[in-house]
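Read the structure below first, then the notes.
Rule-based calculations on the coordinates, nothing more; no lab input. Note that the coordinates shown come from a computational prediction; the quantities given were computed from them, not determined experimentally.
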Amino acid sequence: MKAATIQKRITFWEGTLEKLMAAYEALAAGGTKSYMIDDRQVTKIDLPVLRREIDEAEAKIEALTNELNGQRPRKAFGIIPSDW
């Protein structure tokens, strides 16, 4: 992927992360019952969902930043023991 495209994606996810964090902070502080993120309304019940989305956005930003800096993405693997 080109560096310019990666940078655009990073900028997009940073903006998304800011919106999610603002919503989470407003709801967690207790000053509001609901919060609008663009055309989406969230409430205190959605705090766990918002936390998950924040974590995912942070992970995407980190992965894209690593890709921009020339680092390879991390690969996960599992070991399955067997009785032979």
*In degrees between 0 and 90, to the nearest 10, how far off the longest principal axis of the chain does helix 47-68 point, with axes built from Cα atoms?*
50 degrees
_Once you keep just the Cα pairs under 8 angstrom separated by 6 or more residues, what percentage relative contact order results for the chain?_
32 percent
*Would you mind computing the Rg to Rh ratio of the chain from its alpha-carbon coordinates, Kirkwood style for Rh?*
1.17
